[in-house]
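The values are calculated or read from the model by the stated rules, or taken from the named source; none is laboratory data. Please read these numbers as outputs of a predicted model, since none were measured by experiment. Ideal geometry is used to build each Cβ from the backbone, glycine not excepted, and the neighbour counts take in all protein chains shown. Calculation scope for accessible area: heavy atoms of the full protein, side chains included, ligands and nucleic acids excluded. Shrake-Rupley method; radii C 1.70, N 1.55, O 1.52, S 1.80 Å.
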Amino acid sequence: NNLSKRSWLFALPFVLATLWIVASSHTNTLQQQSPEEGKTTEQTEKAHDDVDKMPEYPGGQEAMGQFFVDNIKYPKAAQKDGTQGTVYVNFVVSKTGEIKDVTIKKSVSPELDAEAMRVVEMMPDWTPGEKDGKAVAVEITLPVKFALSDDKDDK
């Protein structure tokens, strides 16, 4: 039902407000490897933490919130078990705006982790971050909060 689908949404403003606060506080050098193809990309892309302009989701935070509302599905097993919490998803917005290297920084459960990663990986390209007027890769940590409400209170 729609109520259950939206029961975790009360925390969405927290998620959106925190997105920019928890942007990466360290710089990584990323090497793109493709073991299944047996080749390593020689080019490395440095994820910056000191940027003049942070990456932006197309349409801004409100559009990102709507994207999560439209796409996230609270896993049935997690609902049944009453599993809830905040999954911290780490990813890089490349200098072309692509979402890359999606990983879980802080886990809650395999089901919630997988759902948070699935939706982050579905996000459209962002406007990349900028440093000295040039597009740069930026590492972002996004908190995705899953919370169940008491159905008895929702009459």
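The table that follows gives values for the structure above.
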{"item": "Which listed residue is outside any loop (DSSP other than H, G, I, E, B) and in contact with a Lys or Arg (Cβ under 8 Å, 6 or more places away or on another chain), from V92, V51", "result": "V92"}
{"item": "Hits in the stretch 102-116 - residues which are touching a Phe, Trp or Tyr at 6+ places or on another chain (Cβ under 6 Å) and open to solvent by 60 Å² or more (accessible area, probe 1.4 Å)", "result": "K105, K106"}
{"item": "Scan of the stretch 62-79 for residues that are touching a strand residue (DSSP E or B) at 6+ places or on another chain (Cβ under 8 Å) and either in a helix (DSSP H, G or I) or not aliphatic (A, V, I, L, M) (or both), ordered by number", "result": "F68, Y74, A78"}
{"item": "Residues (over 18 Å from M64 (Cβ atoms) and among the β-branched types (V, I, T)) located in the stretch 94-123", "result": "T96, T103, I104, V108"}
{"item": "Hey, K76 within 19 Å of V144 (Cα to Cα), within 17 Å of the chain's Cα centre (by Cα) and at pLDDT 90 or above or not", "result": "no"}
{"item": "Single unsatisfied condition, A137 versus (1) assigned to a strand (DSSP E or B); (2) open to solvent by 50 Å² or more (accessible area, probe 1.4 Å); (3) among the hydrophobic types (A, V, I, L, M, F, W, C)", "result": "(2)"}
{"item": "Contacts under 9 angstrom Cβ, first residue in the stretch 53-65 being within 12 Å of V93 (Cβ to Cβ) and in contact (Cβ under 8 Å) with a residue 40 or more places away in the chain, partner in a loop (DSSP other than H, G, I, E, B) and charged (D, E, K, R), 6 or more apart", "result": "P58/D125"}
{"item": "Filtered residues of the stretch 72-96 (kept if under 29 Å from H48 (Cα atoms) and open to solvent by less than 70 Å² (accessible area, probe 1.4 Å))", "result": "I72, G85, T86, V87, Y88, V89, N90, F91, V92, V93, S94"}
{"item": "Test result for T18, among the hydroxyl-bearing types (S, T, Y), within 15 Å of the chain's Cα centre (by Cα) and at pLDDT 90 or above", "result": "no"}
{"item": "Single condition M54 does not satisfy, out of (1) of a type in the set (A, V, I, L, M, F, W, C); (2) modelled with pLDDT of 95 or more; (3) open to solvent by 50 Å² or more (accessible area, probe 1.4 Å)", "result": "(2)"}
